[in-house]
Amino acid sequence: MAVPEGYRIDVGLPGHLTRYVLPNHSSALAARLTAPGTWLKICADQPALDARWQIQPPEYLMSTQLTCKPPTCAPEYELEVVRAGSVIDVVVSRQGEQAARGKAAVDGEYAVIDQVVTEPDHRRRGLGTTVMRALSQAASRSGARTGVLVATADGLALYSRLGWALVSPVTAARM
């Protein structure tokens, strides 16, 4: 939901109840927040936050023009793409075991990519690329033209190789 400073997302996970995504640091908002499990994601490099906030490892806002390039998947893996409303889920599995996954939420011409994970036993096999291409193709077919995501340092390398551009550093902090 939109708030004056940016967006509020009710995540509802243990330790991650609410997330505020902000294009700029708002010291007034940060001072007003008091609930443990609240997160800030601020498009800025290390804004000043008081001692209640624990700064997390650096993250990176990235974007790209989406394509319909089809994903490829090694023959021992199965690729599944499921759409439910505006949300796209991609799962890559092998013999019923989840190997990699990711989600996209489409809103008009934008798709927000999130929760892209490759399980440790399945890394270095191109599954992250498979998931990203499947999400891009499905989002593009749903009308999205631009993809956005927030990457970790590890994800930054993968997404850069796939043509995603760095837009801004992101500071994540939790209370």
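Derivation of every value follows stated rules applied to the coordinates shown; laboratory data play no part. Everything quoted here is computed from the prediction, not taken from an experiment. Neighbour counts are summed over all protein chains in view; Cβ atoms, including those assigned to glycine, are modelled from backbone coordinates with ideal geometry.
Brief remarks on what is shown
- Exposure proxy order (Cβ contacts within 10 Å, fewest to most) of Asp10, Asp89: Asp10, Asp89
- Percent of beta bridges antiparallel (DSSP, the stretch 2-58, rounded to nearest 5): 60 percent
- For the stretch 2-58: relative contact order, % (alpha-carbon pairs under 8 angstrom, 6 or more apart): 30 percent
- The stretch between Ala48 and Leu13 holds 10.0 nm of extra length on full extension. This uses 0.36 nm per residue minus the Cα-Cα distance.
- Of the trypsin sites (Lys or Arg not before Pro) in the stretch 96-146, the ones in a loop by DSSP (not H, G, I, E or B) with at most 16 other beta carbons within 10 Å are Arg123, Arg124, Arg145.
- Beta bridges from DSSP with both residues in the chain: antiparallel share about 85 percent, rounded to the nearest 5.
- Convex hull per residue volume in Å³, alpha carbons only, for the chain: 124 Å³
- Rounded to the nearest 10 degrees, the angle from helix 127-141 to the longest Cα principal axis of the chain is 90 degrees.
- If the convex hull is drawn through the Cα atoms of the stretch 2-58, its volume per residue in Å³: 83 Å³
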